[in-house]
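The values are calculated or read from the model by the stated rules, or taken from the named source; none is laboratory data. These figures come from a predicted structure and were not determined experimentally. In this analysis, Cβ positions are derived from the backbone assuming ideal geometry, glycine residues included, and neighbour counts consider all displayed protein chains. These accessible areas exclude ligands, DNA and RNA; they are computed on the full protein's heavy atoms, side chains included. Shrake-Rupley method; radii C 1.70, N 1.55, O 1.52, S 1.80 Å.
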Amino acid sequence: MVLKFKNTFIPNNVFLKEIIVISLPITLQMLLSNLGNLVDNIMVGSLGTDVVAALGSANQIFFITMLIFFGISGGGQIFISQYKGAKNDEGIMSSFQSMLIIHFSFSIIIYILVNLFSYKLIGFFSSDSTVVDMGVKYLKITSIAYILLAINISFSTGFRAIGKTKIPMFISFSTVITNTILNYLFIFGFDFGFISLSPQGYVGAGYATLISRSLEVCITIIVSTVLNTNIKINLHSLLSLKLKYFKQVAKKSAPLTINEFFWSSGQTTLLIIYSQRIADNVASLSISGVFSNFFFVLISSIATAVSIIVGNSLGENKIDTAKEKAFKLIGFSFFISIIVSIMLHSTIFLIPILFKVDANVIVNAQNLLTLIAYASPLYFLNATCFFILRAGGDTKSVLLMDTVYSWTIVLPTAFLLRSILKLSLIQSFALVQLLELIKLVICFKFILSYRWAKNLTT
């Protein structure tokens with residue numbers, strides 16, 4: 001029994017090396033990006049509870065937008081990875097171009113909606129007029145960055161899907177350094193005549209984000225032009241794009257994008273239920289999220305490795321190999337989740353040192369982070385299963401385990417606990433985390449059905 005478990009879930013040295021080679025640059029890139037976000041939040045956190053709540057509310061809109069883009073990129077990555085396995089250059093480039101067009105179109109729509117309905121959007125999270133005004137101002141400054149983000153996610157996804165994972169890592173390094181320096185200058189100013197852009201400082205943080213995102217896109221386009229890969233903007237390819245490739249990507253992107261939109265909006269609704277639009281609660285959830293997101297980049301990097309490794313094997317028509325690798329990736333994910341759980345728990349003491357907010361906000365943030373640390377293995381395993389299903393294009397199962405489960409089970413339970421039974425923020429949050437265990441059982445059922453084990457390039 002032990003030997004069977006080891007052969008199924010424990011990667012051998014060769015496969016472990018393959019996982020590390022693919023996931024390490026992605027992990028470093030995401031760690032750098034989240035380190036920049038952490039530094040941003042620490043700088044902003046010194047400005048008080050209202051500012052933390054305002055930017056936390058604005059960042060929820062960014063969170064939903066980013067996950068919509070991840071849904072779109074998921075459709076592109078499925079085909080780029082499998083065409084890479086099939087050694088089909090036309091398929092790779094056409095899938096990338098299709099993904100870029102869809103991304104850009106959605107980003108324009110989101111930019112318009114955010115600017116038209118900014119007060120209503122921020123008003124969902126807070127009833128405090130001061131918090132809403134600050135959140136709207138920050139949101140309007142950074143809204144153009146959504147278009148830049150769409151372009152950058154397209155390129156990052158494309159590079160990773162063909163195994164060029166170091167390129168996004170190096171680009172992120174330069175932009176994170178720029179963002180951190182600009183944040184310090186624009187928020188606080190310094191002794192050489194550079195003044196902050198606002199007495200509150202948060203406006204400066206918005207401009208720093210916008211400039212660093214612009215730089216990231218410029219560097220990405222230049223690098224993609226210089227390098228000899230199929231991941232680049234090619235006017236001739238765009239104009240002569242075959243409809244069949246666009247339809248393929250759009251067909252797989254549509255359910256994934258719908259899933260990401262409803263799942264992310266579900267998570268945002270969950271935040272509203274937990275916080276009850278009280279600034280202190282929003283701030284506590286935002287602070288705990290800053291720390292958990294910093295470590296949860298490992299979920300994203302492992303998930304990306306899952307999509308690439310399993311997708312390539314499926315594209316090569318090595319179905320049994322894909323199945324074998326999928327289970328070993330689940331075992332690897334569980335091992336990493338234990339490390340993350342320990343690391344998350346060990347950072348709790350930093351919250352009162354880094355954030356100058358009210359005492360009750362600190363206590364709640366620490367308790368939330370503790371609960372997140374305990375639930376980490378469930379998050380990791382569910383995410384790994386999700387991306388195994390995605391790699392083979394099983395979007396129906398993805399939709400059921402993510403969006404349907406969130407809106408029919410998680411949200412009603414949270415509303416019952418918090419709004420009807422009147423349990424505290426911490427009590428409600430703790431009980432809702434137990435639902436991740438039920439979700440994991442459903443995930444494994446979908447994995448064992450093997451509906452995802454398909455070659456989509458034939």
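Defining a contact as two alpha carbons under 8 Å apart and six or more residues distant in sequence, what relative contact order in percent does the chain show?
Computed over the chain, the figure is 25 percent.
At 222 nm, what helix-only mean residue ellipticity would the chain give, in deg cm²/dmol to the nearest 500, using -39500 (n - 2.57) for each DSSP H run of four or more?
Theoretical 222 nm ellipticity from helices: -27000 deg cm²/dmol.
Going by accessible area, probe 1.4 Å, with all protein chains left in place, what is the ranking of 43, 401, largest first?
So, going from the largest accessible area down, we get 43, 401.
Taking all protein chains in place and a 1.4 Å probe, what share, in percent, of the accessible surface of the stretch 272-419 do carbon and sulfur account for?
That share works out to 67 percent.
Mind ranking 450, 119, 83 by accessible surface for me, highest first, 1.4 Å probe?
Accessible-area ranking of 450, 119, 83, largest first: 119, 450, 83.
Compute log10 of I(q)/I(0) for the stretch 144-184 with the Debye formula, placing one identical point scatterer on every Cα and leaving out solvent, at q = 0.34 Å⁻¹, to two decimals.
-1.03
Apply the Karplus curve 6.51 cos²θ - 1.76 cosθ + 1.60, θ = phi - 60°, to the phi angles in the stretch 401-412 and return the couplings in whole Hz, x for Gly and Pro.
Here the 3J(HN,Hα) series is 7, 9, 5, 4, 4, 4, 7, 9, 10, 5, 5, x Hz.
With equal scatterers on the alpha carbons only and no solvent term, can you work out the Debye log10 of I(q)/I(0) for the chain at 0.08, 0.10 1/Å?
Calculated log10 I(q)/I(0) at the listed q: -0.45, -0.72.
Roughly speaking, what % of Cα-Cα pairs in the stretch 47-90 are separated by over 11 Å, rounded to a whole number?
71
Report ³J(HN,Hα) in whole Hz for each residue of the stretch 168-182, in order, from the Karplus equation J = 6.51 cos²θ - 1.76 cosθ + 1.60 where θ = phi - 60°; Gly and Pro get x.
Values, residue by residue: x, 5, 5, 5, 4, 4, 5, 6, 5, 4, 4, 4, 5, 5, 5 Hz.
Tell me, for the chain, which Cys residues have no other cysteine's C-beta sitting closer than 4.7 Å.
Here 218 come out as lacking a disulfide-compatible partner, given the Cβ-Cβ threshold of under 4.7 Å.
With θ taken as phi - 60° and the coefficients 6.51, -1.76 and 1.60, list the Karplus ³J(HN,Hα) couplings across the stretch 259-272 in order, rounded to whole Hz; mark glycine and proline as x.
These are the phi-based 3J(HN,Hα) values: 4, 5, 5, 6, 5, 5, 5, x, 5, 5, 4, 4, 4, 5 Hz.
So, for the chain, what is the accessible surface per residue at a probe of 1.4 Å, expressed in square angstrom?
42
Classify the stretch 341-419 as rounded, prolate or oblate, taking a ≥ b ≥ c as the square roots of the eigenvalues of its Cα gyration tensor: rounded when a/c is under 1.5, otherwise prolate if a/b is larger than b/c and oblate if not.
oblate
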